[in-house]
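Beneath this line is the structure, given in C-alpha cells, with notes to follow.
The values are calculated or read from the model by the stated rules, or taken from the named source; none is laboratory data. What you see is a predicted model; the values in this text were computed from it and never measured. Cβ sites come from the backbone with ideal geometry, for glycine too, and all protein chains shown count toward neighbours.
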Amino acid sequence: MPHPLDARALAALAANPGCRRRALLDGAGVDKTALASKLGSPAAFGQSQFAFMRGNAFEAKVKADGGRELLRLLGIAEPGTVRVPELAAAGPEGRVARTALALREATEAGTWALLDHPLLSLEVAGSPAHLEPDAVVVHPDGRWTVVEIKSFPMIDGAADASKVGAAARQSAVYVLALERVAALTRGAEVAHSVLLVCPKDFSNLPTASVVDVRKQLSVTRRQLARLTRIEEIAAALPDGVTFDVEGCSARELEAAVESVPHAYAPECLSACELAFHCRERARGAGAVEALGRSVRGELGGLTTVGDVLAAARGEEGDADDPTVEALRRAAALRAEALACR
Amino acid sequence: MSLISTLARLEAVESGRAQPLATVRHRHLSDRPLVLVPLTTAGEAGAPLGALVGTDPGEPRLLVVAQPRDRDLRFAFLADLAEEVLPYVDSFTDVVEAAERSETDPETGKKVKVEVDLCADAPQVIVPSRAGIEYVRLLGRSMRFRRTAEQDPETPFPAPPRVPLLGRWLTHFGERARVPGSSLLLSATDLLNRHWATGQSSLEDQHLGALLAWIDADGPESGAEAALRAELGRDPQGQLFCPPAGPATDPAFDNRLLAPAIERFDRARQALASAEDGESADERLGELHVAEREIRRLILSQLRPTWDAVWRSVELLRELPAGERVADRWTRDRWSFTGHRDRIVAGEPPQPRRDDAVTAAQKLAARESAQSQLEAQEALDDPLVLAGRRLAGEAFVAEVVEVTMAWSESKRPSPRPLLTVRTDDRPHLGEGTKVYRSLEGKPQTAEFVRSEEDGSLVLRITDRMGRSKEPAPGSVPEKGERIAWTLFEHDQRVGAKLPEREETPWTHGGPPRSDTPDPELPDAVTPEDLL
C-alpha cells in the first residue's frame, strides 16, 4: 500500500530538489518513517498531544459560527448567507469529487461559502496525492482563497518567520491543487495569496494575515514538474530493486536505498525521515557536505575531509590550485596563531 | 565562516574532538551569573511549564506549573520567578561608581560633561540555547503590560505585584542580547560555538548536549559518537538520555509521561473540589500533593541535565583567559543596565510593543557599530581571530626591517617616519591605504607608501608621536619588531546623529502623535487565555 504524499512532504521536496533518493521514494509512495526505523536510524519527528489538542481547539474556534468568524478575519463584516457545504463522502476519490462539486456550486451561487477540510488531489509523478487544506473560502465573485490555520502566535502583528515560511510553502501546494479544479470550473479563479490565521498575542483569539505565496507557488510548480522525471531515476536502478518495507530484510532495504544517490545536507534533519541514515552515510564517506552546504562551496573540487586535510598539510594536491593554496595558507596561519598561546 | 574555521571543523572531524576557534574568551563571564533553564508547554504561546533558576550550581530552585492551562498556577510561577530573578537584579543596582557622560546642554546646545552613576557590576543571565533567549523575550513581552491590582483595581485578572517589573527586565535583557558582543543575557550554545569548532554542522551545534559531547569529550569515545547518543539515545521506555535543552520538550516525554501525570493532577483537583467532609478532603488533598510531586519530579528530570550542562559550559569557558577588550564591552553592558535601572526608577512606562522610527533606527545603528567594533576587538585580542583577517587580506603581521626618519613639509614639521616592513601575508593595499596598529591600547595610523622590488612594504606613520619635532619615546617601532597591522579601524566612528523623537521626518511617520492609543494598554484577556 503506497504511502500517500501530503502537502508537507511535497513542500519539503522544494527544500532539497537535488536529492534523487527523496524524489524517488516520495514519488513511489514509500513510507519513509517505517523505512528509516527498519534501517536502524528512526526519524525523530513527533507531535506532542498538548500541541495537537491546542491546534484542534483553535481551529474549531476559528471555524465557529458557520464561518462568520473566518470571514470577519478576511475583513467581511456582513457576508449575508454563508454556505457551508457538506463534504463527507466515501473514500478519498468520493471526497475529491464532492469537493469539486461543492466548489462549482458555490461559485455558481455567487455567495460566500466556506469549505471545511475539502479534499483535493494532485497528480505527482503518476500517482495521485491527496491534499487537505484547513479551509477554502469561495468569494461571491468566484475567487477561491486557501485558509491555513496554525497555532503558533502572532505577537504584536509578527510571527516567527521560519514558521510562516513553512506555512506559505504548504499553502502553495494547496493553491496548485485548487488551480486544477478551477481550470475546469467556469468563472473560478484561485487567489495567489492565502489567509494565515494564528492566535493573537498570548490569547486564543484568532487574528489573520494575508500571505502572498506567488514565489512558493512557482518553486513548487517547478519542483513538481521535475518530479515527473522519476522514471529516469528509476530506469538507472539495477533490476529487481524494491522498497517493500514489510517484505524485505533490513540488509536488502539498505542495499536498495544505497542504489539511489542522496544529496544529504544538514537542513535535511528537519525535513526528511531518512536524514539520520543519509547523515551516517555522508559522514562515513567523509563528505564535507555533512558540515553544511556553505562548507562545500568553499572547498572547490575537494569533496572529502581526508582530501582537504591532506591538501592543507601539503601531503597531496596541486599547489597551483587556488583552493589548495588558500588551504595551505589557512593551515599555516592557524598553526602560527595556536602556537603563540 | 572563514576557511580557518572550516579547517578547524575538519580537524575536529578527523580527531573526534572539538578544536579551538579562539585563544582567549571573547565574552564577559560574571563571577555570579544567574542560570535560567525554562521549559514551555508545547503548542502554547509562552505558557511556561517549569524552570530551574539560581546562582548556585548545586542548588537550583525548581519552579513548576502543574497544569499550564490554569492562569492562577501560571501567575504563581511567574511570581516565584520574579522572587528569584528580581532580588538578583536588585543586588547590582545600588553599588555604583562615578562616571562621566557627555550630554548636550539644552540651553547652549554645547556638549558638556555630566557626572553620573554607573553600576559597578551588572547581572548576567545565562540560558541554554538561542531558543532560550527568544523565550526570555517572549516571557518579558507577556508580562510587561500586565496590570497588578494595585495599578488598576478594575483589571479582570490582576497579575502578582512584581510580575510586570520582571517583564520589563526580561524585555531589556532580551533586547540587549541583540547587540553583538553584549553579555547581559547569553546562551550556553552561543558561548561554546564562539570558542570551539565541532565536527558537525552549525545546525547540529544548536543542540547543547551534542555540542558539549564534542567539546567535553574524554575517554576513548569520539565526539561524534557521544554527540549521536546525546541527540538520539533513548532508554528502554523511549525517553531521551539527554532531554532537549528547551524551552520545547520532547514529544515522547509529553505524550508518555507528562500528559498522564497532568491528567492525574486534574482528577485529584476535581476530587478535592467535590469532597464532602473534612476527612475525605484531607485524604484527597494528600492525593493532590502526590500528583503534584510527581509532575515536579518529571519536570526536574527534564531540566536537571540541561542545568548541569549550562554550568559545565560556564566552567569550560572560565578556563580561557578573558580577552583584553572584553572588559570594555562589559562596561557598555553596565551602561545599558544602569540606563534601564534609571528608567524604571523614573517611573517611565514599559518598553512599547513596537519601536517608533527613530528608536528603531538608533537601535539598528547601535547594533551595526557594535558588530564592527566586536569584529575589530576580537581580532586585536586574539591571534587566532586575527589569522582569519590576515587570510582575508584585512590585516598583516610584519617585521620592521628599517626605520627612516622623515618630517612633514609644513611650517612646523611633524615626524612622519618611514617603516620598511616584511611580511608573508597578502594585504589588499593600495597607495594611501590607511593601516592601524595598537599602541598601548590606542590605535596608531600609518599609510601605505609603496612596495619595494624585494616585496617589502613601506609605511608612513602619521599620528600618536607627540607634538614636538622628535617623536615621543616608544611611539615609533624599532627595527626587528613584529607588529600586527589592520586595514580596518579599531574604533568604528559613530555615524551621523539621528534626529530626536519629536523631529521624526514625515517620511517615517512624523513625530509620534499624542492622540494615538496609550502604548501601555494591557493585552486583551479572554477567559481561556493562555498567558
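Being without any contact (Cβ under 8 Å) to a residue 40 or more places away in the chain and within 10 Å of chain A (Cβ to nearest Cβ) is a property that B:LEU7 has. The residues listed here are A:LYS32, A:LYS63, A:LYS38; of these, the one that is among the basic types (Lys, Arg) and under 30 Å from B:ILE262 (Cβ atoms) is A:LYS63.
Apart from one condition, A:VAL210 fits all of (1) in contact with a Leu (Cβ under 9 Å, 6 or more places away or on another chain); (2) surrounded by 18 or more Cβ atoms within 10 Å (Cβ to Cβ); (3) assigned by TED's automatic domain parsing to the domain that holds A:PRO118; (4) not in a helix (DSSP H, G or I); the exception is (2). Of the residues that make up the stretch B:277-296, is at least one farther than 22 Å from B:ASP205 by Cβ, touching a strand residue (DSSP E or B) at 6+ places or on another chain (Cβ under 7 Å) and surrounded by 13 or more Cβ atoms within 10 Å (Cβ to Cβ)? Yes, some residue in the stretch B:277-296 is farther than 22 Å from B:ASP205 by Cβ, touching a strand residue (DSSP E or B) at 6+ places or on another chain (Cβ under 7 Å) and surrounded by 13 or more Cβ atoms within 10 Å (Cβ to Cβ).
Would you call A:ALA34 more than 15 Å from the chain's Cα centre (by Cα), farther than 16 Å from A:LEU115 by Cα and among the hydrophobic types (A, V, I, L, M, F, W, C)? Answer is yes for this residue. For the stretch A:307-323, the tally of residues that are without any contact (Cβ under 8 Å) to a residue 24 or more places away in the chain, part of a helix (DSSP H, G or I) and surrounded by 14 or more Cβ atoms within 10 Å (Cβ to Cβ) stands at 6. Set side by side, the residues A:GLY55, A:GLY75, A:GLY66 differ, and just one is part of a loop (DSSP other than H, G, I, E, B) and either at pLDDT below 85 or within 14 Å of another protein chain (Cβ to nearest Cβ) (or both), which is A:GLY75.
Count of the stretch B:9-45 residues, restricted to those that are more than 20 Å from the chain's Cα centre (by Cα) and within 22 Å of B:ALA120 (Cβ to Cβ), is 0. Taking the listed residues B:PRO243, B:PRO220, B:PRO161, the one that is over 30 Å from the mean Cα position of the chain (by Cα) and not charged (D, E, K, R) is B:PRO220, with no other qualifying.
Kindly provide the set of residues from the stretch B:394-410 that are in a loop (DSSP other than H, G, I, E, B) and over 29 Å from the mean Cα position of the chain (by Cα), ordered by number. Matches in the stretch B:394-410: B:MET405, B:ALA406, B:SER408, B:GLU409, B:SER410. Residues satisfying the criterion are present in the stretch B:138-154 (criterion: touching a helix residue (DSSP H, G or I) at 6+ places or on another chain (Cβ under 8 Å), of a type in the set (Gly, Ala, Ser), in the same structural domain as B:ASP72 (by TED's automatic domain parsing) and under 14 Å from B:ARG353 (Cβ atoms)). When you check B:ALA12 against the structure, is it of a type in the set (A, V, I, L, M, F, W, C) and either within 14 Å of chain A (Cβ to nearest Cβ) or without any contact (Cβ under 8 Å) to a residue 60 or more places away in the chain (or both), yes or no? Spelling it out, B:ALA12 is indeed of a type in the set (A, V, I, L, M, F, W, C) and either within 14 Å of chain A (Cβ to nearest Cβ) or without any contact (Cβ under 8 Å) to a residue 60 or more places away in the chain (or both).
A:LEU302: touching a residue at least 60 places away in the same chain (Cβ under 8 Å), more than 9 Å from chain B (Cβ to nearest Cβ) and buried (at least 18 other Cβ atoms within 10 Å of the Cβ), yes or no? Criteria not met by A:LEU302.
Looking only at residues in the stretch A:123-162 that are among the β-branched types (Val, Ile, Thr) and under 18 Å from A:GLU179 (Cβ atoms), the one that is modelled with the lowest pLDDT is A:VAL124. When residues of the stretch B:80-129 are filtered for being over 26 Å from the mean Cα position of the chain (by Cα) and assigned to a loop (DSSP other than H, G, I, E, B), how many remain? Going through the stretch B:80-129 one residue at a time, the tally reaches 6. In this entry, A:GLY297 passes the filter for residues that are in a helix (DSSP H, G or I), modelled with pLDDT under 90 and of a type in the set (Gly, Ala, Ser).
Considering the stretch B:134-161, the residues that are of a type outside the set (Lys, Arg) and assigned to a helix (DSSP H, G or I) include one that is surrounded by the fewest Cβ atoms within 10 Å (Cβ to Cβ), namely B:GLU134. The set of residues from the stretch B:1-21 being at pLDDT 95 or above, in a loop (DSSP other than H, G, I, E, B) and farther than 15 Å from B:ALA224 by Cβ comprises just one member, B:LEU21.
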